[in-house]
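Below is one structure, written out as structure tokens, with a few remarks after it.
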Amino acid sequence: MTNQQIAEDLVTKYGENVHSFEEPWGLLTLTTNRQNIISLLEYLKKHETFRFNFLTDLTGIHLPENTGSEFGVIYHLHSLENNVRIRIKVFLSQDDLHIPTATTLWPTANWMERETYDFFGILFDGHPKLIRILNIEEMDYFPMRKEYPLEDATREDKIDALFGR
Amino acid sequence: MEDLLIPKNTSDALALNRPIVEDTEFTTLNLGPTHPATHGIFQNILKMDGEKIVSGEQTIGYIHRAFEKIAERRPFYQITTLTDRMNYCSSPINNMGWHMTVEKLLGVTVPKRAQYIRVIMMELARIADHIICNSILGVDTGAYSGFLYVFQEREKIYEIYEEMCGARLTTNMGRIGGMERDLSPTAIAKIKDLVYNSLPKVLAEFEKLFNRNRIFVDRIVNVGPITGERALEYGFTGPNLRAAGVDYDVRVMEPYSSYEDFEFDIPVGHNGDTYDRFMVRNQEMWESMKIIRQALENLPEGPYYANENHYYLPPKHDVYKNMEALIYHFKIVMGEIDAPAGEVYHAVEGGNGELGFYLVSDGGRAPYRLHFRRPSFIYYQAYPEMCKGVSISDAIVIMSSLNVIAGELDA
Amino acid sequence: MSSFVQWLTESMFLWKALIIIVIFAITLGIAAYSTWAERKVAAYIQDRRGPNRAGWGGLLQPLADAGKMFFKEDFIPAQADKWLFILGPCLSMFTALMSSAVVPFGNSFIIGGKEVFVQAIEINIGILYVFGVVSLGVYGVMIGGWASNNKFSLLGAIRAASQNISYELAMGMSIIAILMMSGTLSIREIVSQQHGGNWNIFYQPLGFLIFTVCAFAECNRTPFDLPECETELVGGYHTEYSSMKLGFYLFAEYINMFASSAVTACLFFGGYNYPGMDFVEAQLISALGANVGHNVATLVGIGSMFTKILFGIFFFMWVRWTVPRFRYDQLMNLGWKGLIPLAVANLVITAGAILSGYKLVGIWVGLALMVVLISVGWSIRPKKKNAILGA
Amino acid sequence: MQNIFSLPPIWYTFAILSVLTLFGALGTIMSKNPVHSVIYLIVTFFSISAHYILLNAQFLAAVNIIVYAGAIMVLFLFVIMFLNMKQESDEMKNNKLITTAVITALLLGSILIIFLRRAGKEKIDGNAFTSQTGMVEVLGKSLYGEYLLPFELISILFLVAMAGAVMLAKRESGERHF
Amino acid sequence: MQLTNRAKKTDKSELSLFERSYLPSLATGLGITIKHFFQKKPTIEYPEQKRYLGPVFRGHHILKRDEEGRERCTACGLCAVACPAEAISMVAQERVKGEEHLYREEKYAAVYEINMLRCIFCGLCEEACPKQAVYLRHDKFVPVFTDRSDVIYGKDQLVEDMNHRYQRDAWTKEDAMKLWK
């Protein structure tokens, strides 16, 4: 089972909905949209030969320059039996940060989605309990977005003897 | 009162599915954030019927330190210090995993000797990690002495760290492109003494103290069992998944750092209960020792760092004499050497499971986005399901055997 | 008035008072040094050195601890039941101190022609007294745990109550076997029947085992320390306690250990008896004269008693630092399904042996028969192939 | 009236114990907190046991403490702790209940007094009293000799009660009726 | 699920009746613990007795002077840049005439401060220093502080005392390698 086979299979199944195939360091990477993501994940999970039955990771990314698709949700799946990994990306617009939840397929997606929500504000529709997980609940912004940069280490207008410049 | 006499037969796997009538009055018990059994700071809010747990909910994030955010401003070599603080019981594994991720991105090949040294350090770290988990399981069930017997060995491992990198807990060991220094003769002697001499003896004694001790066995057999399928759905990796019978080990499936050179077995359990987790960890310590012995015996000669002057600091004496070296020294320290753009996922077998680094680089001096796949964070979700219907004693034993490290949980 | 004075002088009141005070002091002293010994034993078992800063080898540690306890802030939680909160540790301490009253620590001194037993009170239901006091010991824990108004404390208190009640039964039954053999309830008589090396342990090995296990449970020591198990219930019933009230609880545990070691020594190890005691006494009497010789022999007997007690305390500690603890339901299973049937079997075997006329042989044969029966029953039980633990 | 100081010491003991008994009994019914009630009741049991000792019935005294104070009251306390009855219930303030209780108590008291007055008035024979009266051996002999049948019948009754309790408490897994 | 051919089941055989009687494991356990009771203790009486922490232990910071007692630091700021915790700050100053016996280079750190609350003792500053000026001593810990005002270590605490010079076997890892050979 090669990346080529998987890619071809997905293209025949999903056609235009899967695109931007890449293979950085041998890891098949593709992009889809939020209408198809759950069906794609389910297809991969239940596929007879692929059997991507393990959700390794789920996280978000913020690309402010990508107008129209500023936020990305990145899924890493792993087919343990074939020992093949696959990376699936979904890009969302800043104005409509909704994506269906993957908790229906893997309970482990629960906290990963909560973490992604916590840091990026991406809303996972259908998630059983979409609240912040690592940050305090009173927090009113999403800290991993690029509009909240860390302070420049060299700035000098904020000198505090103990807690930094 | 009869509630007291429940867990009638918690050793019954069916106990998980025992229906609970909702008309009883439940009590809420806050297990943590500073409960002696949480070994770190996280909270479990348990709804209890007598001593039986009806449902639970976790609150985490008490020591969240925004590593992923901080990493977006730090040059690659400084992020090592962040990884130290994730699973602080086995920080060399985190360090090495991070270095390997960056090396993958940069396309650096590390010489064989450095890879072997890394394997030795990672396996030592794994032993230290498993020692903590298993001996603390003993403490949580009330047997304190075994804990201190094996902790002396962990102390020896820490002395090896000291010899190698100068610190004990937050090691900051290794550099991008190799190790920061070679194995010293003292370190080799200490490692040899550990894996040939003292640790096998102490570990055998530890196993004699616990493995067939009926009190201990009764406490942990069939406590918190999880099937392989359910464990996979919950994203279990590492010893906890192997205890459930799935022999998934990153070292074997996707060998990194020359793991393909070593002969070792993957211990797997039977039904994923606490006893299996305990035994798998114990057995893994033996396997780790096996790996270290092989690595020591076949330790190749040669450099301990890649000849990549763009990423690996030049020797100090060159810095004084050689203009080029001085420039590289400054550029590396200032973090002014840009990494190629790209996205990398690299996984290593951490103490608790697959420790993944998802690194997106936009070609700058720091990661554009860095995500840590922290095994504790992922499998700790399963805790409420695992402790449903059991007594509080079992809940603590399950938590202890899952080896949830607060630093890794919260990043 | 006169009758009172007469009674005071005629009875052994003053002597008794002296003995009670001495026993009291020794109890407290041993309990205090038990805390030191616990830490030392734990340390040595765990390859450590233990307290060694306060005095030589840390010998002043108990004093330092007591001082610290007294000067710590005495905190009573706002929602606690104040009086019961205070009553709890007091009761614990009180019942713990009461139990050693009937233990004969030695034979007797002859002073001024009068024979004074080395025992606070000799009552002919000594064992029942011990048993009653022990059964009251749980009140301190229960009341303290309940009054703290803390869920962990309450759980500890509840565990303590059910544990103590359950294990008292088996304990009582194992004692009954002893009573059947000796035919008396008085501890002094039971002890004097074990003259020399004729100790009950040889007649009652199973009874001894059961009694020891129950003693561990009654003292809340590992592996039965569920009421206070640190990693589950934080501190169990004494979670909310601080200062000397906490000290009382901890102290009571050590006094209980002392008392149960003393009772075990009396019931199973012949108390102040030791092999060759007659010879020693005869030698001493011929060397020092009848009265002094007898008194010195009694002192030697007291020494043997305390050796046994101290070893008992050491054993308590040794086991504590070796084994893990039970879970609640396993504890109950062991008590009700393990120890009580065994105690009943022991009773039957003892009765049979006494009736048969060959006590020693009869009991050992009976026990061997029991072991054989159990093994046979075990080996013919339906088995699964390739069975794994607990499946 | 004799001089109060010339009374034998046992008299003081009796007086103190009686006061204590009554104090405990009153405390039991008057305290609002059930846990306090239990503790008062224990005080009562203790003083009654002490009375037994005054009557040279050491065995009874010990058994009273072991069984009542040591086991039954522990179970009571145990149950009360579970029920968490800290807040006083409104039932206690109900006037009707109080009147009923008073009437019942008065009736019971009068019945007791009537029967006690009618009870046999033969004096205890002081000469028949030996140091062994009330001791274990005597007690055992009468229990297993004179009163063997009732004694065994009572044992069977207890056994039946125990089996019944076990049956009641035992339930199919997952099934709860109360 | 079998993924590799290296899986090895752990031992989980049932306890025998003898083992189920609690006694054998109790006996072996007691044996092991009593053996340890009489064993030699590895304890170190800490404040009196100190363990050698290894040649590269990362302890208290020190600003080295050279043989003539001149400060080596040239205030290039590399250590401050390399510090992941941003604990180091300095103010550079030009050396003036007559100060040659104090500072080796033409530029020196007039103020050199390490915030010990922030410092994580990672050793990156030592590695970054191109002048071999800043070191983490292997023989001394940073003591605990009880006051926030003690937290920032200035040059008074950091610069080497010429009367008690800090010695170590090898000043760089290359020197150390030579030592082993």
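The values are calculated or read from the model by the stated rules, or taken from the named source; none is laboratory data. This is a predicted model, so every value here is computed, not measured. Cβ placement follows ideal geometry from the backbone for every residue including glycine, while neighbour counts extend to all protein chains displayed. In case anyone asks, the SASA skips ligands and DNA or RNA and just uses the protein heavy atoms, side chains included. Shrake-Rupley method; radii C 1.70, N 1.55, O 1.52, S 1.80 Å.
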Tell me, please, whether a residue that is buried (at least 18 other Cβ atoms within 10 Å of the Cβ), under 23 Å from C:Phe202 (Cα atoms), within 10 Å of another protein chain (Cβ to nearest Cβ) and under 23 Å from the mean Cα position of the chain (by Cα) can be found in the stretch C:319-335. yes
Return the residue satisfying two criteria in turn: it lies in the stretch B:324-353 and is outside any helix (DSSP H, G or I) and facing another protein chain (nearest Cβ under 7 Å), and of such residues it is farthest from the chain's Cα centre (by Cα). B:Gly342
Members of the stretch C:165-196 found to be more than 20 Å from C:Val102 (Cβ to Cβ), surrounded by 18 or more Cβ atoms within 10 Å (Cβ to Cβ) and within 13 Å of chain D (Cβ to nearest Cβ), listed by number: C:Ile165, C:Ser166, C:Tyr167
A:Arg114 - would you say it is touching a Phe, Trp or Tyr at 6+ places or on another chain (Cβ under 9 Å), closer than 30 Å to E:Met1 by Cα and open to solvent by 10 Å² or more (accessible area, probe 1.4 Å)? yes
Residues of the stretch C:77-104 satisfying the condition of being in a loop (DSSP other than H, G, I, E, B) and either within 14 Å of chain D (Cβ to nearest Cβ) or open to solvent by 10 Å² or more (accessible area, probe 1.4 Å) (or both): C:Pro77, C:Ala78, C:Gln79, C:Ala80, C:Asp81
Quick check on the stretch B:175-205: of everything there that is within 13 Å of chain C (Cβ to nearest Cβ) and surrounded by 17 or more Cβ atoms within 10 Å (Cβ to Cβ), which residue is farthest from E:Gly31 (Cα to Cα)? B:Val202
Selection status of A:Pro107, modelled with pLDDT of 85 or more, open to solvent by 10 Å² or more (accessible area, probe 1.4 Å) and either farther than 30 Å from E:Cys119 by Cα or facing chain B (nearest Cβ under 8 Å) (or both): yes
Restricted to the stretch A:58-80, and to residues that are assigned to a loop (DSSP other than H, G, I, E, B) and at the interface with chain B (Cβ under 10 Å from one of its Cβ atoms), which residue is surrounded by the most Cβ atoms within 10 Å (Cβ to Cβ)? A:Leu80
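Residue-by-condition table, conditions (1) open to solvent by 10 Å² or more (accessible area, probe 1.4 Å); (2) assigned to a helix (DSSP H, G or I); (3) at pLDDT 90 or above; (4) more than 14 Å from chain C (Cβ to nearest Cβ):
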position	(1), (2), (3), (4)
B:Val119	no, yes, yes, yes
B:Ala125	no, yes, yes, yes
B:Ile131	no, yes, yes, yes
B:Ile136	yes, yes, no, no
B:Ala143	no, no, no, no
B:Leu148	yes, yes, no, no
Criterion: within 30 Å of B:Ser198 (Cα to Cα) and touching a residue at least 24 places away in the same chain (Cβ under 8 Å) - qualifying residue of B:Ser361, B:Ser401: B:Ser401
Mind telling me which of the residues A:Ile6, A:Ile38 ends up being closer than 17 Å to B:Tyr345 by Cβ and more than 9 Å from chain B (Cβ to nearest Cβ)? A:Ile6
Of these, B:Arg230, B:Arg181, B:Arg214, which one is out of contact with any strand residue (DSSP E or B) (no Cβ under 8 Å at 6 or more places or on another chain) and free of Cβ contacts under 8 Å to residues at least 12 places away in the same chain? B:Arg214
First in the stretch B:330-343 and free of Cβ contacts under 8 Å to residues at least 24 places away in the same chain, second anywhere and open to solvent by 70 Å² or more (accessible area, probe 1.4 Å) and of a type in the set (Asp, Glu), Cβ under 7 Å, 6 or more apart: B:Ala341/B:Asp362
Filter the stretch B:257-295 down to the residues that are of a type in the set (Asp, Glu) and part of a helix (DSSP H, G or I), then identify the one that is nearest to the other protein chains (Cβ to nearest Cβ). B:Asp276
Test result for C:Gly357, at positive phi and either open to solvent by less than 80 Å² (accessible area, probe 1.4 Å) or away from chain B (no Cβ under 14 Å) (or both): yes
If I filter the stretch B:87-117 down to residues being of a type in the set (S, T, N, Q) and assigned to a helix (DSSP H, G or I), which single residue comes out as farthest from B:Ala189 (Cα to Cα)? B:Thr101
Sole residue being facing chain B (nearest Cβ under 7 Å), in a loop (DSSP other than H, G, I, E, B) and under 30 Å from C:Arg53 (Cα atoms), chosen from E:Pro42, E:Pro47, E:Pro84: E:Pro42
Among (1) closer than 30 Å to B:Ala71 by Cα; (2) at the interface with another protein chain (Cβ under 8 Å from one of its Cβ atoms); (3) open to solvent by 70 Å² or more (accessible area, probe 1.4 Å), which single condition is E:Leu78 missing? (3)
Out of all the residues in the stretch C:238-255, is one or more at positive phi and within 14 Å of chain B (Cβ to nearest Cβ)? no
Is it the case that E:Asp139 is open to solvent by 70 Å² or more (accessible area, probe 1.4 Å) and touching a Pro at 6+ places or on another chain (Cβ under 6 Å)? no
